[in-house]
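Working notes for the structure below.
Every read-out reported here was derived from the displayed coordinates using simple, explicitly stated rules and does not represent laboratory data. These figures come from a predicted structure and were not determined experimentally. With ideal geometry, Cβ positions are generated from the backbone for all residues, glycine too; neighbour counts draw on all protein chains shown.
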Ligand SMILES: NC(=O)c1ccc[n+]([C@@H]2O[C@H](COP(=O)([O-])OP(=O)(O)OC[C@H]3O[C@@H](n4cnc5c(N)ncnc54)[C@H](O)[C@@H]3O)[C@@H](O)[C@H]2O)c1
Ligand SMILES: O=C(O)C[C@H](O)C(=O)O
């Protein structure tokens, strides 16, 4: 059967829309699938991933596309976001996917977002500390957070880029400068430490990791990662040998992956899993679910430091309640002192970066 004139026009419009040069301009296309479905589609939250074409960004984009709480997913990067967007957008799940490429499209990527997840920046290679990433990643995080302050100052921010102990203070100073800082909405992602702690503790106990809950407090680098093994749920006890083994393994989990990848980057898949677990908790909080408690690195008064990772209650406005550390044993008290010393320096480094 011959196509009608109208059908030919329709095909021509769809072909024009699918042309790679048009992927970044979806809103302006005649057939803006994203726009159409977003307006008429299921209710949900608008989420942007900044650094979406990276090792974490790609699996994170895929997993967020599956999340039923997400109605719109914006994928921003300085390279390769058209390909990732085209790929992820073919998944037959509800979220509408739009891609954004390069600094000129940052603002479009951010306008209207409820949650912004930031895995942008360089990863470690063997022999490096997370602090060795500061010189490159500090500037990246600064620029992205300036965009957030301008375009979606009320969004919850999940900051993954390392060194988290410094990038979160950088993000806070950027929004303070812009007059938009809300400490409840800026959350450094330390969920991977909790995910690792649950896994390693479950291995030692010989149980299913899904049954284990290990609070991990402090920060996200070396000795600042402080698992509270005396507070593991379900309640259990460890020998000093087990405590030392578990603490070291949890604190060095990132390095274990960096060395195994031998120059090809750091944790990406387990990180994307952890990021989605945390983002999903944030979205459930935004929806108004009660009783959502997770560990995250936030502005805090739990210790004398201005930022600290601990358990928080997530709600409609972000981290609505920050819980105290609870009773610590002697091993943990000594670990806390070491953690605070290193954290203080990393936090100060982040703050000074903005005021230098
Ligand atoms: N918080 C954590 O637990 C945790 C865990 C793993 C990795 N990380 C950190 O996450 C970051 C990313 O890791 P990765 O393995 O995905 O790295 P990657 O190099 O594979 O990907 C990073 C992406 O960021 C993009 N990017 C660079 N500059 C950008 C900018 N100005 N705007 C937007 N995007 C930009 C790159 O183009 C790239 O696609 C690293 O800093 C790493 O250390 C944190
Ligand atoms: O170790 C790294 O550099 C990446 C990340 O912080 C991790 O904990 O895996």
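Taking the highest mean first, how do the peptides 140-147, 204-211 order by number of other beta carbon atoms within 10 angstrom per residue?
Ranked by mean Cβ neighbours within 10 Å, highest first: 140-147, 204-211.
Let me know the Rg and Dmax you get for the chain when you use only its Cα atoms, in Å.
Expressed in Å, the Cα Rg and Dmax of the chain come to 21.3, 81.
Below 8 Å, C-alpha to C-alpha, sequence gap of six or more: please give me the relative contact order for the range 191-324 in percent.
Normalised by residue count, the contact order of the range 191-324 is 22 percent.
Take residue 132 and residue 287, extend 7 Å from each Cα along the Cα→Cβ direction, and tell me the distance between the two endpoints in nm.
4.2 nm
In square nanometres, what is one fourth of the surface area of the convex hull spanned by the alpha carbons of the range 190-355?
About 10.7 nm², averaged over all directions.
Calculate the length of the line joining the C-alpha centroid of the range 278-338 to that of the range 141-185, in whole Å.
If you average the Cα positions of each part, the centres end up 18 Å apart.
Would you calculate a helix-derived [θ] at 222 nm for the chain, using -39,500 (n - 2.57) for each DSSP H run of n ≥ 4 and dividing by the full residue count, to the nearest 500?
Dividing the helical sum by the residues of the chain leaves -14500 deg cm²/dmol.
Build a GNM of the chain with springs between Cα atoms under 10 Å: which of 235, 163, 43 gets the top mean-square fluctuation?
The residue with the greatest mean-square fluctuation here is 235.
Using the alpha-carbon centroid of each, what span in Å lies between the range 239-272 and the range 92-108?
After rounding, the separation between the Cα centres reads 33 Å.
So for the chain, averaging the separation of alpha carbon pairs under 8 Å that are six or more residues apart and normalising by length, what relative contact order in percent results?
This gives 15 percent for the chain.
Which of the peptides 345-352, 261-268 is most tightly packed, and how do the rest follow, judged by the mean count of other Cβ atoms within 10 Å per residue?
345-352, 261-268
Under 37 °C and 0.692 mPa s, how fast does the range 73-149 diffuse according to Stokes-Einstein, given a Kirkwood radius computed over C-alpha pairs? Answer in µm²/s, whole number.
It comes out at roughly 235 µm²/s.
Rounded to the nearest 5, what % of the DSSP beta bridges within the chain are antiparallel ones?
Just about 45 percent of them are antiparallel.
Determine the relative contact order of the range 41-189: mean sequence separation of Cα pairs under 8 Å and six or more apart, normalised by residue count, in whole percent. Before the final figure, lay out the partial values.
Numbers: 305 pairs, mean separation 31.4, N = 149.
Computed value for the range 41-189: 21 percent relative contact order.
So how compact is the range 41-189: Cα radius of gyration and Dmax in angstrom?
14.6, 48
Computed FRET efficiency, Cβ-Cβ of residue 62 and residue 210, R0 30 Å: what is it to the nearest 0.05?
Given R0 = 30 Å and the Cβ-Cβ separation, E is 0.90.
Let a ≥ b ≥ c be the square roots of the eigenvalues of the Cα gyration tensor of the range 246-329; is it rounded (a/c under 1.5), or, if not, prolate (a/b larger than b/c) or oblate?
Oblate, since a/c reaches 1.5 and b/c is not below a/b.
Please list 151-159, 311-319 highest first by mean number of surrounding beta-carbon atoms within 10 Å per residue.
Values: 151-159: 22.0, 311-319: 20.4.
Per-residue mean Cβ counts within 10 Å order the peptides as 151-159, 311-319.
Rounded to the nearest 0.05, what FRET efficiency do residue 329 and residue 180 give with R0 = 41 Å and r taken as the Cβ-Cβ distance? Could you check? The partial results should precede the final answer.
Values: r = 40 Å, r/R0 = 0.99.
Efficiency for this residue pair is about 0.50.
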